[in-house]
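Some notes on the structure that comes next.
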Amino acid sequence: MRTPAWQPSETTLNTLDSLVREYRGRVEENLTPLIRDYYPAMLAGDRLECRKLLELSSKMTIVGLACTLIAGYPFDDRRLEISSIFGACCFLGDSSLDDFGDQTARDYIARYELLLTKGWFEIRNDREKLFYMTLTRLFAERDVLDVMLRQAILGLFLSQKKDVEMRSGASSLRTLPQRSRLRLLRECARDRSGHAITLLNLFLVPSLSLEYHNLVYAAGSLIMHIDDHGDCHFDRSHNRWTYMNQLKDPVPALRRIFSSTVERIYRGLPESEGRDLLIAFLYRYYLTRLRKHRLERGRGISWTVYE
Amino acid sequence: MNAGDLVALELQELYRRGKTRTDQGLLKIDYRAEAAQAPFCFDIVNGKLHRNGCDAIPAASRDALYFVWEPGAGLRAAACRKCRPAALKTGAMSRDTTSDIIYGFLSIMDQFGSVLRQRGQEYRNSPRGRRLARDFNQLVSALDQTQREALNVTLTSLDGLVKIVGEVDTGLARQAKAGNGHRTKGRPAKPSTGRNGKEKV
């Protein structure tokens, strides 16, 4: 079989691996003081939650680096800090949605909606205090009333809200024909991560041209499908439906989504170090999540850190 | 804790204690009302720019539309072939004009005046505040005549603005007292002191 043109070279994959190692350390340097100040319990004991947060932030930082280079800007210390904080903010917000049950998720959605419409947020514990501080630090970095940026913030929120509502109303989803149900789940996953990567991009490069935004959005959507495949057994055990865990044959489906998206990114973005890095990251992430899926099918789910 | 973090937390603490007027917002990210007025929308899934309301926008993209006032350089490459969006000479979305900013500033002074005053006093007496004052004096001494004059104009303008804000603030407080005697605008009736650096609110 012919090697696709987008296939990352060994050199690019090695560069990616060394960047991941480097940024993991720098992200930790950026975030540890913030965590120590506002949620010190996260640094106690086995630090599992903290390590997961740092891992997600490191991945966001690599994606942020690639997007910044695609736009032709240097990835300086400020952008590194924005990416680190953005990753922490996503981790903490997602944890309120995914890790503490449906009631907590609905309650968080209601309070976060008030934050976006009025600016008020009732902080209930140290985890939420850290979340709020990461959010205020991010909002201080750019003009949050910028037309695109504020739409990305709200778009991400609305897709999270839809996800929580669909999860809560799983019984009504069951009554839909299979095709409609899959379409809804697919669009929800697409938008949740698509808006998130667009938001990261806008915090890093506010002036990115429209023609690149849809390709970056596609990369974000792909990340969500890869993620959902990796979390398939965990989600099923919590009775949570995703597009990937409702497919009869998810592995070939993910392969098709992966190939077509990466091909589109490769053809659509101008040749650059950033484009190659983004594709290399997606490739590595795809392979590691396929492995995670297989591992958890064999030995059962565990809340662990996957690099 | 840095000053920005502290102010951000104190503002939410006021809300938690019910010391803010719930009819007043602090910040509105929600864009939906303004979006209805935008001339264009960008389907970020398919990379197509449409006129707002174009019937070629796929239903599947409705949650992934970005409303656009100024499409910029990407217009031609992304334009929908059906509605053919063209650059308009109309202005951008109605955003913060100078008067909006001044009113925004006044509304914050109105609602959080006591917190800002308290923070200002603490900051002025802190080592960091004193260091800032020393650095500022050194900076001024290093300026040439033209630069000093420019700085004086700026500081005089700021001073004038603060005085105006103070007068408006006092005027509003007097009107509120004359109105029903209950509106304290988030401030205690008398300045409180000796509470371990915390304003009693």
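Evaluate the following for B:A60: is it in contact with a strand residue (DSSP E or B) (Cβ under 7 Å, 6 or more places away or on another chain) and small (G, A, S)? Outline the logic, then answer.
Values: in contact with a strand residue (DSSP E or B) (Cβ under 7 Å, 6 or more places away or on another chain): no; small (G, A, S): yes.
Answer is no for this residue.
In region A:38-57, what count of residues is obtained for those that are in a loop (DSSP other than H, G, I, E, B) and at negative phi? Break it down into steps so the answer makes sense when it comes.
So in region A:38-57, the residues in a loop (DSSP other than H, G, I, E, B) come out as A:39, A:44-47.
Next, only the ones that are at negative phi stay: A:39, A:44, A:46.
So the answer is 3.
Only residues that are of a type in the set (S, T, N, Q) and part of a loop (DSSP other than H, G, I, E, B): list them for region A:226-241, please.
From region A:226-241, those of a type in the set (S, T, N, Q) are A:237, A:239; that's our starting set.
Once the filter is applied, which keeps residues that are of a type in the set (S, T, N, Q) and part of a loop (DSSP other than H, G, I, E, B), region A:226-241 yields only A:N239.
When the residues of region A:209-257 are filtered to those that are buried (at least 21 other Cβ atoms within 10 Å of the Cβ) and of a type in the set (G, A, S), which remaining residue is farthest from the other protein chains (Cβ to nearest Cβ)?
Here the answer is A:G230.
Can you work out which of the residues in region A:179-208 that are touching a residue at least 40 places away in the same chain (Cβ under 8 Å) and either more than 18 Å from A:V144 (Cβ to Cβ) or basic (K, R) (or both) is farthest from the other protein chains (Cβ to nearest Cβ)?
Ranking the qualifying residues of region A:179-208, first place goes to A:R181.
Can you tell which of B:Y66, B:Y15, B:Y31 is within 9 Å of another protein chain (Cβ to nearest Cβ), within 30 Å of A:R36 (Cα to Cα) and in contact with a Leu (Cβ under 9 Å, 6 or more places away or on another chain)?
Only one candidate qualifies: B:Y15.
I'm trying to understand the selection: among the residues of region B:3-12, which are of a type outside the set (A, V, I, L, M, F, W, C) and at the interface with another protein chain (Cβ under 8 Å from one of its Cβ atoms)?
Narrowing region B:3-12 to residues of a type outside the set (A, V, I, L, M, F, W, C): B:4-5, B:10, B:12.
Correct list: B:G4, B:D5, B:Q12.
Hey, does region A:269-289 have a residue that's surrounded by fewer than 17 Cβ atoms within 10 Å (Cβ to Cβ), modelled with pLDDT under 95 and within 13 Å of another protein chain (Cβ to nearest Cβ)?
Looking for residues that are surrounded by fewer than 17 Cβ atoms within 10 Å (Cβ to Cβ), modelled with pLDDT under 95 and within 13 Å of another protein chain (Cβ to nearest Cβ), one finds at least one in region A:269-289, hence yes.
Taking the condition charged (D, E, K, R) and under 18 Å from B:I44 (Cα atoms), does A:E263 pass?
On the way: charged (D, E, K, R): yes; under 18 Å from B:I44 (Cα atoms): yes.
For A:E263, the condition - charged (D, E, K, R) and under 18 Å from B:I44 (Cα atoms) - is met.
Would you mind finding the one in A:T117, A:T68, A:T134, A:T61 that is touching a residue at least 12 places away in the same chain (Cβ under 8 Å), over 21 Å from A:A189 (Cβ atoms), within 14 Å of another protein chain (Cβ to nearest Cβ) and polar (S, T, N, Q)? It would help to see each step written out before you state the result.
Details: A:T117 fails: touching a residue at least 12 places away in the same chain (Cβ under 8 Å); A:T68 fails: within 14 Å of another protein chain (Cβ to nearest Cβ); A:T61 fails: within 14 Å of another protein chain (Cβ to nearest Cβ).
Only one candidate passes the filter, namely A:T134.
Within region A:103-130, can you find the residues that are within 22 Å of B:G4 (Cβ to Cβ) and part of a helix (DSSP H, G or I)?
A:R111, A:Y112, A:L114, A:L115, A:L116, A:D126, A:R127, A:E128, A:K129, A:L130
Hey, among A:M133, A:M148, which residue is assigned to a helix (DSSP H, G or I) and under 14 Å from B:I29 (Cβ atoms)? Full working, then the answer.
On the way: A:M133 fails: under 14 Å from B:I29 (Cβ atoms).
Being assigned to a helix (DSSP H, G or I) and under 14 Å from B:I29 (Cβ atoms) holds for just one of A:M133, A:M148, which is A:M148.
Run A:Y73 past the list (1) farther than 23 Å from A:H213 by Cα; (2) surrounded by 15 or more Cβ atoms within 10 Å (Cβ to Cβ) and report the number of the one that doesn't hold.
A:Y73 satisfies every listed condition except (1).
B:R21 - would you say it is closer than 19 Å to A:T136 by Cα and assigned by TED's automatic domain parsing to the domain that holds B:Y123? So that I can check it myself, show each step before the final result.
On the way: closer than 19 Å to A:T136 by Cα: no; assigned by TED's automatic domain parsing to the domain that holds B:Y123: yes.
In short, no.
Within region A:115-152, take every residue that is among the basic types (K, R) and over 22 Å from the mean Cα position of the chain (by Cα) and give me the one that is surrounded by the fewest Cβ atoms within 10 Å (Cβ to Cβ). Even if it seems obvious, please write down each step before you answer.
First, pick out the residues of region A:115-152 that are among the basic types (K, R): A:118, A:124, A:127, A:129, A:137, A:142, A:150.
Remaining after also requiring over 22 Å from the mean Cα position of the chain (by Cα): A:118, A:124.
Details: A:K118: 19, A:R124: 13.
Taking the candidates together, the pick is A:R124.
Within region B:40-63, restricting attention to residues that are among the basic types (K, R) and crowded, with 17+ Cβ neighbours inside 10 Å, which residue is nearest to the other protein chains (Cβ to nearest Cβ)? Spell out the reasoning first.
Step one: of region B:40-63, the residues among the basic types (K, R) are B:48, B:51, B:62.
So of that shortlist, the ones also crowded, with 17+ Cβ neighbours inside 10 Å come out as B:48, B:51.
Numbers: B:K48: 8, B:R51: 15 Å.
In this case the residue turns out to be B:K48.
Return the residue satisfying two criteria in turn: it lies in region B:64-82 and is in a helix (DSSP H, G or I) and surrounded by fewer than 17 Cβ atoms within 10 Å (Cβ to Cβ), and of such residues it is nearest to the chain's Cα centre (by Cα).
Taking region B:64-82 as the starting set, the residues that turn out to be in a helix (DSSP H, G or I) are B:64, B:72-78.
Okay, now just the ones that are also surrounded by fewer than 17 Cβ atoms within 10 Å (Cβ to Cβ), so B:72-73, B:76-77.
Details: B:G72: 26, B:A73: 29, B:R76: 34, B:A77: 35 Å.
Ranking the candidates gives B:G72 first.
The values are calculated or read from the model by the stated rules, or taken from the named source; none is laboratory data. Just so it is clear, the structure is predicted and the values come from calculations on it, not from any experiment. When we count neighbours, we look across all protein chains shown, and the Cβ atoms used for this are built from the backbone with ideal geometry, even at glycine.
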